[in-house]
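**Q** Attaching a single structure in structure tokens format; questions to follow.
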Amino acid sequence: MNETEMGYMGVVIAVLGGAIRVGTPFLFVSLGECLTEKSGRINLGLEGNLIMGAMSGYGVAYLSGSAWLGVLVAGIAGMLLGLIHGLLCQQPRVNDIAVGIAMMLFGTGLAFYLGKAFIQPVAPRLPALALGSWSDSSVLRAALDINVLFIVGLILAPAMAWFFRNAKWGLIVRTVGESRDAALAMGLNVNRVRLYATMAGGFLAGVGGSFLSLYYPGSWNEGLSSGQGLMAVALVIFARWNPIYCLYASLVFGGAAALGPALQSVGITGGYYLFNAAPYVLTLAVMILTSSSKQRFAGMPGELSNR
Amino acid sequence: MWSYIESIAIPVAALLLSLVIFSVFILFSGANAIDVLEAIFRGAFGSWFSWQNTLVRAAPLMLTAICTALPARIGLIVIGGEGAMVAGGLAAAMIGIALNGLPPLLVISSMVLTGSLIGGLWIAAVGAFKHYRNVNETISSLLLNYIAIAVLNFLVLGILRDPASLNKPSSYPIGDANMIGNIGDTSIHGGLIFGVVTCLILWFVMRRTTFGFAVDMIGGNRRAAQLSGLAVGKLVIVTCFIAGAAAGLAGMIEIAAVQGRANTSLNAGYGYAGILVAFLARHNPLAIIPVALLLGGIRASSGLLQRNFDLPDATTLVLQGIIFIVILASEAFYGKLNWFKPKVVTA
């Protein structure tokens, strides 16, 4: 069967495959944001981490020849931006939302500045598992090429859920996020915990960025990110601060973003640019429908709501 | 009095510190930092030519900064200036194209009204979502940026596309007669007047009217404002509308004074830079005017840096980012600098 014979079935398969492909960066940034928010702080600057991760990961992969080294460096770059964010936010009267916007502008500018040299060269790509090699349909095979980072994310989401529920450190993060006073009474260093949570979240966002440049779309340029890092905050609300739900939410949003290209592949090009808005419209609609002025969200860390 | 000194001394010190950090950054990339700073100054304010360049860039910044500053006064962090500018500019262009041929004064005023109306509704929606559904305004305004840009691309690359525009897909032109001309024989367009006048009016409104007082009161303590009988919801939505209208006006100016047609130049980042201007100006409409000049100057010098030092055009983005971060960090010093305070004799 070729694409045209598959018709709308092909669109469905392409959207499902796209959900994984486009959803992977969403998964990493939303897990990172989830971890940071669980500690009671919002990092709106993950877009900067994502783009810095994409640039540094691509650059290092190109220079060293190893895509995995690129992923690691991308994570470290994200972590360093998280460090700056964390250190700034623990100063008195410094607003974490505003710092996030500043970090977004700074990270983006820095990535464009340092990344100028890497727009042309071709870096090695991350490997994928060809789970669809049994099929002779090219659509199915393309959809079943599962990238390795997605599998890492697939393991990471339940691991993080377990960490929050059972691990000592997970409980510490939750306590700090739930009530600063209770954490202080327990003798915890609130700022230190939040700093580490922001750095770890930044690391994950950086890794998510490296996916963009090293797998899909798989090159470095200045229009690489379309706000995945910014969407993270909305995704985490959508996922009710639950890492497992972050996985589902990322797939839904990845699918929404893959809708336009999938329809285009079967010849429906009319509203292509309008379909680009699908993930944003979906997020906005979900937020309007599920928010309430009367009560706070179930699962929302207490420190985030009382301000 | 000391608080006035403080509110000028701290931002100035922060700006100087940003320049130092930026210089270190430039040194690392192998250029002479002093030369680069000198070139930024020359590109921004060194000659009449660069002044004109700066002023043209400052005009939309003043308006998009209002889009963040005004909601900030009422306690909302709105970063939707980019989207409101695109939506307003696009709507203005559509009206301009539709009315092309009628008397220019009528066309231009319809464009001003439509641009501000659509931009205003764009951000008023953010305020309404916040008030009625408690949707985080920062996120919703950001999502609306992307939605506006998608609609712009859809229309400009679709039904509005002028087949004659090959290199840069654009809509049909609004017509030369309907363009806002330049001031005198300069290359500064009339948009600057819109920007300055809007800032001045809003400064007066925020300082001298009951409305401004109510806005600041809600921003200071929402609960207290509610208990004292203020219609918080209505005021939030009206404030957001004015904020969005300013950004929509910026879009209209970009269309009617610069581009002459709608294209992707509408989302050139003025909305995001406006956020920085608003925070630097501490959300004071009067302070926005000089800060917009400063930022406009930095943006204007970008080309000179590229030509003279072979630095990437993102250099000025890095500088803006550093300034933003240092300014925010400087918030921690307010009220801490005792040498500004007069000695208070306590009994």
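**Q** By its C-alpha gyration tensor, with a ≥ b ≥ c as the square roots of the eigenvalues, how is the protein assembly as shown shaped: rounded for a/c under 1.5, else prolate for a/b larger than b/c, else oblate?
**A** Verdict is rounded for the protein assembly as shown.
**Q** Could you give me the ³J(HN,Hα) list for segment B:212-217, computed from phi with Karplus coefficients 6.51, -1.76, 1.60 and θ = phi - 60°, whole Hz, x at Gly and Pro?
**A** Values per residue, Gly and Pro as x: x, 4, 5, 4, 5, 5 Hz.
**Q** For the residue pair B:Arg208 and B:Lys234, what label-to-label distance in nm results when each label sits 7 Å from Cα along the Cα-to-beta-carbon direction?
**A** According to this spin-label approximation, the distance is 2.4 nm.
**Q** Counting C-alpha atoms alone, how compact is segment B:52-327: give Rg to one decimal and Dmax as a whole number, in angstrom.
**A** Both quantities, over Cα of segment B:52-327: 18.4, 60 Å.
**Q** Another question, then. Let me make sure I get this right: for segment B:17-60, a, b and c are the square roots of the gyration tensor eigenvalues over alpha carbons, sorted descending. Under 1.5 in a/c it's rounded, otherwise prolate if a/b > b/c, else oblate. Which is it?
**A** On the way: a/c = 3.30, a/b = 2.11, b/c = 1.57.
Judged from the Cα gyration tensor, segment B:17-60 comes out prolate (a/c at least 1.5, a/b above b/c).
**Q** Using only Cα atoms, find the angle between the long axis of helix A:168-178 and the longest principal axis of chain A, and express it within 0 to 90 degrees, rounded to the nearest 10.
**A** 80 degrees
**Q** For an R0 of 51 angstrom, estimate the FRET efficiency from the Cβ-Cβ distance between A:Tyr8 and B:Asn167 and round to the nearest 0.05. Mind dumping the intermediate values first?
**A** Details: r = 36 Å, r/R0 = 0.71.
For A:Tyr8 and B:Asn167, the calculated efficiency is 0.90.
**Q** Exposure proxy check: B:Phe22, B:Phe211, A:Phe163 ranked by fewest other beta carbons within 10 Å?
**A** Working: B:Phe22 23, B:Phe211 14, A:Phe163 19.
Taking fewest neighbouring Cβ atoms as first place, the list is B:Phe211, A:Phe163, B:Phe22.
**Q** Moving on. For peptide B:306-315, how many partner chain Cβ atoms fall within 10 Å of a residue's Cβ, on average?
**A** Mean shielding by partner chains, rounded to a whole number: 3.
**Q** A follow-up question, please. Mind scanning A:Lys38/A:Lys294; A:Lys38/B:Lys130; A:Lys38/A:Lys116 and naming the pairs with a C-alpha gap bigger than 29 Å?
**A** A:Lys38/A:Lys116
**Q** In whole Hz, with x marking every Gly and Pro, tabulate ³J(HN,Hα) for segment A:105-111 from phi via Karplus 6.51 cos²θ - 1.76 cosθ + 1.60, θ = phi - 60°.
**A** After applying 6.51 cos²θ - 1.76 cosθ + 1.60, I find 5, 5, x, 5, x, 5, 5 Hz.
**Q** Something else: In what order do B:Val20, B:Val238, A:Val22, B:Val205 fall by count of nearby beta-carbon atoms within 10 Å, going from fewest to most?
**A** Result, fewest neighbours first: B:Val20, B:Val205, B:Val238, A:Val22.
**Q** Just to confirm the number: angle between the C-alpha axis of helix A:190-214 and the first principal axis of chain A, 0 to 90 degrees, nearest 10?
**A** Tilt of helix A:190-214: around 10 degrees.
**Q** Please compute the length gained on full extension between B:Tyr132 and B:Ile34, using 0.36 nm multiplied by the number of residues separating them and subtracting their Cα-Cα distance.
**A** So the extension gain works out to 30.0 nm.
**Q** Sticking with this structure for a sec: How big is chain A by Rg and Dmax over its Cα atoms, in Å?
**A** Cα-based Rg and Dmax for chain A come out at 19.5, 66 Å.
**Q** Full extension from A:Val94 to A:Arg240: what is 0.36 nm times the residue separation minus their Cα-Cα distance, to one decimal in nm?
**A** 50.0 nm
**Q** State whether segment B:193-260 is rounded, prolate or oblate according to the following rule on the C-alpha gyration tensor (a ≥ b ≥ c being the square roots of its eigenvalues): a/c under 1.5 gives rounded; otherwise a/b larger than b/c gives prolate, and the remaining case gives oblate.
**A** Verdict is prolate for segment B:193-260.
**Q** If you don't mind, another one. If R0 is 56 Å, what FRET efficiency do you get for B:Arg42 and B:Asn221 from their C-beta distance, rounded to 0.05?
**A** So the FRET efficiency works out to roughly 0.75.
**Q** What nm distance separates the two modelled labels at A:Ile151 and B:Val197, each placed 7 Å from Cα along Cα→Cβ?
**A** Output for this residue pair reads 6.6 nm.
**Q** Quick one: if the Förster radius is 41 Å, what FRET efficiency do B:Ser187 and A:Leu69 give, using the C-beta to C-beta distance and rounding to 0.05?
**A** 0.25
**Q** Starting from the 7 Å offset along Cα-to-Cβ, what nm value, one decimal, do you get for the label separation of A:Asp181 and B:Ile5?
**A** Spacing of the two 7 Å Cα→Cβ label points: 3.9 nm.
**Q** Could you compute the net charge surrounding B:Arg261? Neighbours are other residues with a C-beta less than 15 Å from the C-beta of B:Arg261; K and R count +1, D and E count -1. Please report the intermediate quantities before stating the final value.
**A** Values: positive: B:Arg161, B:Lys168; negative: B:Asp162, B:Asp176, B:Glu254.
Spelling it out: positives minus negatives among the neighbours equals -1.
Laboratory data are not the source of any read-out in this text; all were calculated from the coordinates shown. Note that the coordinates shown come from a computational prediction; the quantities given were computed from them, not determined experimentally. Please note: Cβ atoms are built from the backbone with ideal geometry, for glycine as well, and neighbour counts cover all protein chains shown.
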